[in-house]
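> Please see the structure below; I have some questions.
The values are calculated or read from the model by the stated rules, or taken from the named source; none is laboratory data. On a predicted model such as this, the values are computed, not experimentally measured, just so you know. In this analysis, Cβ positions are derived from the backbone assuming ideal geometry, glycine residues included, and neighbour counts consider all displayed protein chains.
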Amino acid sequence: MSLVVKAQPSARNLAIAAAIAFFMLLTRGSHVLTSVSLPDASLVLFLLGGLYLKRAGWFAAFFVLAAVIDFGAAALDPAQGFCLSNGYWGLIAAYGAMWLGGRWLASRHDAFALLPYAVVSLITTIIAFVISTQTYYLFSGRFPNGGVMETMHYGWNYLPSYLGFTAMYFAMVWVVARAMRSLNPARSAKA
């Protein structure tokens, strides 16, 4: 008889998870918890989760946190619940794309090498946008359901701000990662 012992999360993973949870609470959707309305950083946070935490259990925990924030905000202010429909669950796949992009970056020698980091950030963000937009417009029941081609024109006016704010966060993460690496040359040599 063998006993399966689950490894406890390391202090590093717990610190990273706490930081991701903090920024999710700070930036997510309705901003019920803050008086400042910061753009949603969820896409970047899920990619960073895949990059640093890797395990599917962490992904599930962060998706549950996002849902609790969204449904909690809707309970406090019903107007915040407009997007909570059957289409909401498409976010699982959208955030999954971000997580997998982070996993791919984690397999690289240098996850923050500019070209791969920028390309993965852009491609996963576009994939997440297509998934989240299409699942919302196809399954929310709030729009005529004429199929994918018909729904393509709904929501696409949000793409520039969706990409812009996400790119801003990705750039900030890249600058911080590079700055931290330059402050710790021993770690740079190992990376």
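> List every residue pair whose Cβ atoms lie under 7 Å apart, where the two residues are 6 or more positions apart in sequence or sit on different chains, the first residue falls within the stretch 104-115 and is in contact (Cβ under 8 Å) with a residue 40 or more places away in the chain, and the second residue, located anywhere, is of a type in the set (D, E, K, R) and in a loop (DSSP other than H, G, I, E, B).
Here the result reads Ala106/Lys54, each pair linking the stretch 104-115 to a residue that is of a type in the set (D, E, K, R) and in a loop (DSSP other than H, G, I, E, B).
> Restricting attention to the stretch 16-39, and to residues there that are modelled with pLDDT of 85 or more and surrounded by fewer than 12 Cβ atoms within 10 Å (Cβ to Cβ), which single residue is farthest from Ala73 (Cα to Cα)?
Ala18
> Looking at (1) at pLDDT below 95; (2) surrounded by fewer than 16 Cβ atoms within 10 Å (Cβ to Cβ); (3) not basic (Lys, Arg), find the lone condition where Tyr88 falls short.
Every condition holds for Tyr88 apart from (2).
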